[in-house]
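Chemist: My questions all concern the structure below.
The values are calculated or read from the model by the stated rules, or taken from the named source; none is laboratory data. Computed from a predicted structure; not experimentally measured. Every residue, glycine among them, receives a Cβ derived from its backbone with ideal geometry; neighbour counts consider all protein chains shown. We work out accessible area using only protein heavy atoms, side chains counted, and drop any ligands, DNA or RNA first. Shrake-Rupley method; radii C 1.70, N 1.55, O 1.52, S 1.80 Å.
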Amino acid sequence: MAIKRNILLNPGPATTTDTVKMAQIVPDICPREKEFANILEQLQKDLVRIVHGSDEYTSVFFCGSGTINMDVCLNSLLPENKKILVINNGAYSTRAVEICKCYSLPHIEMKIPVDERPNLAAVEEMLKNNSDIHLVYTTHNETGTGLLNPIREIGELSHKYNCVFTVDTTSTYAMLPIDVEKDCIDFCMASAQKGIMGMTGLSYVVGKTKLIEESKNYPKRSYYCNLYLQYEYFVRYRQMQFTPPVQTIYAARQAIEEFFKEGETQKYQRHARVNEAIHKGLKELGFKEFIKKELQAGLVASAIYPNDKNWDFEKVHDYCYERGFTIYPGKISGMETFRLCSFGAIDVPDIENFFAVFKKALEHCNVAVPIKY
Ligand SMILES: *Cc1c(COP(=O)(O)O)cnc(C)c1O
């Protein structure tokens with residue numbers, strides 16, 4: 001069966017291989033069977049292995065998109081009378097703040113401009129002056145812009161002040177090398193449709209078992225989305241508490257096999273050369289990027305809209321979409337950008353083909369090249 005290959009330059013879901021797509025076609029199975037439990041158990045270990053966790057770490061599955069992990073970590077890991085510090089320089093950390101508000105979780109929002117990294121001295125000062133902070137939260141790659149945060153340094157500071165460090169690695173996990181021990185990460189998270197290049201519907205938190213067990217008696221703020229409850233159920237029954245996304249899990253298993261086959265470093269290098277090809281293509285057309293290159297994670301390029309009356313993102317998007325390439329709007333308030341991401345099972349020739357089409361789209365819309373600002 002031939003499946004049309006689309007090149008997704010949006011920030012997930014990402015382009016997948018045909019073998020991952022086809023891995024979903026399996027005989028019907030009840031997920032309470034031992035055969036399925038064995039698959040989940042292996043998946044649980046592999047997800048920890050991807051970020052080099054020792055046996056002090058475990059992973060916990062949830063059925064949902066990546067935001068479910070953020071919800072789970074924030075609502076489950078906060079003891080009574082303690083606070084969360086959210087270091088916020090982008091749309092995803094803003095989402096974390098919204099989750100805190102939604103659950104009325106005591107929190108401090110440390111707001112930083114979206115094109116800057118946090119000042120570590122200011123983070124330290126915050127932790128020193130607020131001994132009731134228990135959980136420090138930030139985003140590794142702010143996918144809305146492509147800015148990379150210094151998680152190892154923030155993790156070290158968190159531990160220096162006896163805080164638990166949780167980082168949203170949804171858009172870096174299995175793309176940039178992450179080492180939970182060296183990076184001082186207590187909890188990180190990801191979703192199967194991003195780094196591992198699987199399907200949507202399965203998300204996972206990787207974290208320290210001891211800290212999950214300590215959270216047993218923390219206030220329960222959600223029934224479905226509680227970290228301890230889901231963890232404990234799996235330990236006891238080797239099953240997810242509620243119906244898992246069965247076919248997505250088969251695809252994830254195949255995707256992980258392909259991840260280890262490609263290799264962490266080789267995969268990272270592939271994403272890096274795809275990203276370089278994107279920078280080159282944008283530059284050749286005269287596009288300016290929003291985030292300084294040295295601050296980028298190397299996985300998302302945010303290009304600023306041209307100052308050209310003929311520029312119409314929708315039109316350019318549609319032209320490319322009809323030809324098998326998907327581009328995506330930015331996520332920055334007060335600044336109009338679009339994004340080209342180097343996630344997924346793609347390589348440099350795909351980007352060269354994309355730019356040939358993108359250039360035609362600009363011509364088609366009478367947008368001046370080089371781009372005007
Ligand atoms: C994609 C992503 C998420 C999850 O978004 P969903 O739409 O819920 O899958 C969370 N955090 C970051 C940084 C992301 O890139």
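Chemist: Pairs please, first residue from the range 347-373 and closer than 18 Å to residue 318 by Cβ and aromatic (Phe, Trp, Tyr), second anywhere and at pLDDT 95 or above and loosely packed, with under 13 Cβ neighbours inside 10 Å, Cβ atoms under 9 Å, 6+ apart in sequence or on different chains.
Modeler: What qualifies is 355/284.
Chemist: Evaluate the following for residue 117: is it in the same structural domain as residue 196 (by TED's automatic domain parsing), at negative phi, open to solvent by 70 Å² or more (accessible area, probe 1.4 Å) and within 16 Å of the ligand (Cβ to nearest atom)?
Modeler: Yes; evaluated as a whole, the condition is true for this residue.
Chemist: Which residue pairs have Cβ atoms closer than 7 Å, lie 6 or more positions apart in sequence or on different chains, and pair a first residue in the range 164-175 that is at positive phi with a second residue that is of a type outside the set (A, V, I, L, M)?
Modeler: Cβ pairs passing all conditions: 174/195; 174/259.
Chemist: Name the single residue that is least open to solvent (accessible area, probe 1.4 Å) among those in the range 16-32 being more than 16 Å from residue 254 (Cβ to Cβ) and not acidic (Asp, Glu).
Modeler: Step by step, filter the range 16-32, then rank; the result is 31.
Chemist: Check off (1) within 19 Å of the chain's Cα centre (by Cα); (2) within 19 Å of residue 40 (Cα to Cα); (3) surrounded by fewer than 21 Cβ atoms within 10 Å (Cβ to Cβ) for residue 247 and give me the number that stays unchecked.
Modeler: (1)
Chemist: What's the number of the only condition in (1) more than 12 Å from the ligand (Cβ to nearest atom); (2) open to solvent by less than 70 Å² (accessible area, probe 1.4 Å) that residue 146 fails to meet?
Modeler: Residue 146 satisfies every listed condition except (1).
Chemist: Go through 6, 89, 69 for me and flag whichever is in contact with a strand residue (DSSP E or B) (Cβ under 8 Å, 6 or more places away or on another chain), polar (S, T, N, Q), more than 16 Å from the ligand (Cβ to nearest atom) and outside the structural domain of residue 335 (by TED's automatic domain parsing).
Modeler: 6
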